[in-house]
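Peer 1: Here it is: the structure, laid out below.
The values are calculated or read from the model by the stated rules, or taken from the named source; none is laboratory data. Here the structure is a predicted model, which means the values were calculated and not measured. Note that we place each Cβ from the backbone using ideal geometry, even for glycine, and neighbour counts take in every protein chain shown.
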Amino acid sequence: MSELWERIRAARASASLTQEEMAEKLGVARPTIGVWETPDPSKRSKPREKMLRRIAEVTGAPYKWLVSDNSEIDPEFILQNPDLQSKNLEHRLKTQRQSNRKDLERALLELHTMVIEDTISYDDAEVIIALVSAIKGRVHKQ
C-alpha cells in the first residue's frame, strides 16, 4: 500500500505538473505542496477533503484512488518514473516542460510559415481551427 503523500506526488507527476504549477492551479503556496508530499512524517501535513478533491480534479487522478488507504501506485508507473521519490522529479518535470515549450514554439513557427505560404489545405485548416477552439475551451475551464 502507498501513503497519501506518495499518491499526491504520483498524481502530480502523472499530470506533469511541477510543485509550483500545481500550487498555482490549487491556489496555494508552493511550499504547501512540498509539505503534503514530504516523506518525513514529522514535517508532513494532510490536505483537507475539499483540497483532495481539487487535487484529483487538477491532476486527473481518481478521487477514490487518491484518498483510499488501500490504493497502490501502478508498478509500471513507478518503473517509468524512477525519480518519483527523489528530488530529481522536480528538475525532470521543469526540464520536460521547457523542452515541450520549445517543441511547441517550433511547431507554431512551422505552422505560421505554412499559413503565410498558403500551403495548408482547407481540410487541414478546419482541423487546426477546431483544435484551437478545443484548447481555448480547456483553458477557460481551468
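Peer 1: Quick check on my filter: what residues within the stretch 80-124 are hydroxyl-bearing (Ser, Thr, Tyr), loosely packed, with under 10 Cβ neighbours inside 10 Å and assigned to a helix (DSSP H, G or I)?
Peer 2: Of the stretch 80-124, the ones hydroxyl-bearing (Ser, Thr, Tyr) are 86, 95, 99, 113, 119, 121-122.
Keeping just the survivors that are loosely packed, with under 10 Cβ neighbours inside 10 Å gives 119, 121-122.
Within the stretch 80-124, Tyr122 is the sole residue that qualifies.
Peer 1: Let me ask you something else. Condition test on Ala10, is it under 26 Å from Asn100 (Cα atoms), in a loop (DSSP other than H, G, I, E, B), among the small types (Gly, Ala, Ser) and not assigned by TED's automatic domain parsing to the domain that holds Gln98?
Peer 2: On the way: under 26 Å from Asn100 (Cα atoms): yes; in a loop (DSSP other than H, G, I, E, B): no; among the small types (Gly, Ala, Ser): yes; not assigned by TED's automatic domain parsing to the domain that holds Gln98: yes.
The answer is no for Ala10.
Peer 1: If Ile55 satisfies all but one of (1) more than 19 Å from Gly34 (Cα to Cα); (2) part of a helix (DSSP H, G or I); (3) of a type outside the set (Phe, Trp, Tyr), what's the number of the condition it fails?
Peer 2: (1)
Peer 1: Scan the stretch 35-62 for residues that are surrounded by 15 or more Cβ atoms within 10 Å (Cβ to Cβ) and under 13 Å from Gln19 (Cβ atoms) and jot them down. Outline the logic, then answer.
Peer 2: Here is the first cut: in the stretch 35-62, the ones surrounded by 15 or more Cβ atoms within 10 Å (Cβ to Cβ) are 35-37, 44, 47, 51-52, 54-56, 58-59, 61.
Of everything in the stretch 35-62, those that are surrounded by 15 or more Cβ atoms within 10 Å (Cβ to Cβ) and under 13 Å from Gln19 (Cβ atoms) turn out to be Val35, Trp36, Glu37, Ile55, Val58, Thr59.
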